[in-house]
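Inspection log for the structure reproduced underneath, given as structure tokens.
The values are calculated or read from the model by the stated rules, or taken from the named source; none is laboratory data. In this text, all values refer to a predicted model and were calculated from it rather than measured experimentally. Reconstructed Cβ throughout: ideal geometry from the backbone, glycine too, with neighbour counts over all protein chains shown.
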Amino acid sequence: MKQQLIERIDQAILDARDDLVRDTIKMVNIKSVQGEPLPGAPFGEGPRKVLDAALEMGREEGFFTQDYGVGVVSLALKEGQPDLGIWLHGDVVPEGDGWSFEPYNAVEYKDCIVGRGATDNKGQLAAVFHLLKIFKDLGISLKYNPAIYVGSNEETGMKDLKGLPDNPDARGFINVCTPPRMSLVPDSSFPVGYGGKGGLNIRLRSKTPVHGFTFIAGQDEAPGRAEAVFNAADLPETLPNCTVETGEKTVVWAHTPPRHGANPDPNGNMITRLCEALLDSGAVEAQDKPLLDFLRRVSGDIYGQLFGIATDTPPMKPLTVFSKRVDCEDGYLTFHLNIRYPIGITYEQIVERVTAAAGENGFELEAAIRGIDPYLMDPDTPVIRMVARVANEITGDNKAPYLLSGGTYAHILPNALACGMDGCKPPEDFPKGRGGAHGIDEVVSIERLQRAMRIYARILLELNEMDW
């Protein structure tokens, strides 16, 4: 009987392909980068539009919908408090430049959907919605009440869950609402994540200005680009790994493919390349060299040795430092760092050591913003074992439960597991470095979404036979 039900679900997933594509494209085409707070939209108009679109979809299909008034909505199969939450987010990171496709005019291309947010996290949102719709249409009775939760600030601090001071529209879900008994977060990989690093953002400001040039890197509209603009400079026509453009001013710029903050390149990024070129060419004055040398060394030191914060605490992955942005105002450099750390070092220790090292190199701490704390669950619990088994059966893998490097809602919610959906599988003709989450020409594989729906279907059925 159960096998026959699974076969019916699998066929319904195949039949829902066109609807899955349509609704993924619909969501992707909403530009939902965080914006200025508005009444009822604490994280801007774009993220609010995704919430409204999700609510509309749910109401049209007879789900029990709720808007919690904090930038989070839910779509439940039954009336009343949900027992199981499946958490998605509708906000996206800025698109940047260099796309071959339109970031907010999504298209289907070689069994993929291309557009900003396709795999992080809008394809997953459409996939989970259509899976629960299949359960509803087939009349599958569950002894618990599953619900889709959609947030709107996962990418920039998870304040939809944690809250924003002095903003009554962003009090934070966990502060004013009752979370479900258990949550699944399809914003990672299969089989299942049972813990993850903490995270914080740090801004360092130079104590003195640079002279005769400006230096910026990692701007929202150009996340993989770093550039220095000289009012007048006797520069070589070419510099290693850089482009030199001459005119009224001389612009030197470097570019590297954008990467997710959880996975910085150990060889450095655009900041490293540009600083190396400027230092080696002698283009900057002697008094400015220590500042650029600091940027160069930090951006190429992803494990934090320079700051004295390198930490490797198995089973977690080592601490990482992602040098993501440089601003320049009146010559003063502001250096933005994202640090992800395992159990074994604290937020306070990191801030203290970074502040001390920066002070010795011409910078001072401007701000330290605490994000998420590291967490660790027991991977040998029955639910985690079940989820890993089901995922491996469908994928054909034999992977163990893992620990996350990136941050997800699972860090904030009680009794939450990161679970799939492995949606990013760029077409073979995509150049290396394109197609990934947060990257240029972001894609989600339709086949991967359908595979994830099959995995989640079995998890929901297995949970119906367990005590949790």
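Which numbered condition in (1) crowded, with 22+ Cβ neighbours inside 10 Å; (2) in contact with a Phe, Trp or Tyr (Cβ under 8 Å, 6 or more places away or on another chain); (3) of a type in the set (A, V, I, L, M); (4) closer than 21 Å to residue 335 by Cβ is the only one that residue 184 fails?
For residue 184, the failing item is (4).
Closer than 29 Å to residue 159 by Cα, among the hydrophobic types (A, V, I, L, M, F, W, C) and without any contact (Cβ under 8 Å) to a residue 40 or more places away in the chain: is that true of residue 372 in this structure?
no
Looking only at strands (runs of 3 or more DSSP E) that fall completely inside region 401-468, which ones have 3 or more residues that are under 17 Å from residue 127 (Cβ atoms) and in the same structural domain as residue 10 (by TED's automatic domain parsing)?
Result: 443-445.
Go over the candidates 322, 294, 307 one by one and state the one that is among the aromatic types (Phe, Trp, Tyr), crowded, with 20+ Cβ neighbours inside 10 Å and assigned to a strand (DSSP E or B).
Selected residue: 322, the only one of 322, 294, 307 that is among the aromatic types (Phe, Trp, Tyr), crowded, with 20+ Cβ neighbours inside 10 Å and assigned to a strand (DSSP E or B).
Please verify whether region 249-270 includes one or more residues that are touching a helix residue (DSSP H, G or I) at 6+ places or on another chain (Cβ under 9 Å) and assigned to a helix (DSSP H, G or I).
Among the residues of region 249-270, at least one is touching a helix residue (DSSP H, G or I) at 6+ places or on another chain (Cβ under 9 Å) and assigned to a helix (DSSP H, G or I), which makes the answer yes.
When both residues are 6+ apart or on different chains and their Cβ atoms are under 8 Å apart, which pairs have a first residue that lies in region 163-189 and is on the phi > 0 side of the Ramachandran plot, and a second that is among the acidic types (Asp, Glu) and not in a loop (DSSP other than H, G, I, E, B)?
Sorted first by the residue in region 163-189, then by its partner, the pairs are 172/160.
Look at region 326-360 and say how many of its residues are in contact (Cβ under 8 Å) with a residue 40 or more places away in the chain and either surrounded by 20 or more Cβ atoms within 10 Å (Cβ to Cβ) or of a type in the set (Ser, Thr, Tyr) (or both).
Qualifying residue count for the region: 15.
With the structure loaded, tell me whether residue 45 is at negative phi, under 26 Å from the mean Cα position of the chain (by Cα) and either in the same structural domain as residue 144 (by TED's automatic domain parsing) or among the basic types (Lys, Arg) (or both) or whether it fails that test.
When the stated conditions are applied, residue 45 passes them.
When region 336-363 is examined, which residues are found to be part of a loop (DSSP other than H, G, I, E, B) and either among the basic types (Lys, Arg) or in contact with a helix residue (DSSP H, G or I) (Cβ under 6 Å, 6 or more places away or on another chain) (or both)?
361, 362
Taking residue 214, is it surrounded by fewer than 21 Cβ atoms within 10 Å (Cβ to Cβ), among the β-branched types (Val, Ile, Thr) and not in a strand (DSSP E or B)?
no
Being of a type in the set (S, T, N, Q), under 23 Å from residue 354 (Cα atoms) and over 24 Å from the mean Cα position of the chain (by Cα) is the filter here; which residues of region 268-302 pass it?
287
Yes or no, residue by residue, for (1) farther than 25 Å from residue 255 by Cα; (2) surrounded by 24 or more Cβ atoms within 10 Å (Cβ to Cβ):
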{"position": "88", "(1), (2)": "yes, yes"}
{"position": "102", "(1), (2)": "no, no"}
{"position": "133", "(1), (2)": "yes, no"}
{"position": "146", "(1), (2)": "yes, yes"}
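Looking only at residues in region 189-208 that are surrounded by fewer than 21 Cβ atoms within 10 Å (Cβ to Cβ) and within 20 Å of the chain's Cα centre (by Cα), which one is modelled with the highest pLDDT? So that I can check it myself, show each step before the final result.
We begin by selecting, within region 189-208, every residue surrounded by fewer than 21 Cβ atoms within 10 Å (Cβ to Cβ); these are 189, 200-201, 203, 205, 207-208.
Checking the rest, the ones that are also within 20 Å of the chain's Cα centre (by Cα) come to 189, 200-201, 203.
Details: 189: 94, 200: 94, 201: 95, 203: 98.
By that ranking, first place goes to 203.
Condition test on residue 373, is it closer than 23 Å to residue 86 by Cα and surrounded by fewer than 17 Cβ atoms within 10 Å (Cβ to Cβ)?
Numbers: closer than 23 Å to residue 86 by Cα: yes; surrounded by fewer than 17 Cβ atoms within 10 Å (Cβ to Cβ): yes.
Answer is yes for this residue.
For region 272-284, check the following and say yes or no: at least one residue is on the phi < 0 side of the Ramachandran plot, touching a Ser or Thr at 6+ places or on another chain (Cβ under 6 Å) and not in a strand (DSSP E or B).
Yes, the conditions are met somewhere in region 272-284.
If you go through region 127-140 one residue at a time, do you hit one that is over 18 Å from residue 186 (Cβ atoms), within 23 Å of the chain's Cα centre (by Cα) and either modelled with pLDDT of 95 or more or of a type in the set (Lys, Arg) (or both)?
So far as region 127-140 goes, no, none of its residues is over 18 Å from residue 186 (Cβ atoms), within 23 Å of the chain's Cα centre (by Cα) and either modelled with pLDDT of 95 or more or of a type in the set (Lys, Arg) (or both).
Restrict the check to region 151-174 and report whether at least one residue is surrounded by 19 or more Cβ atoms within 10 Å (Cβ to Cβ), part of a strand (DSSP E or B) and not β-branched (Val, Ile, Thr).
Yes.
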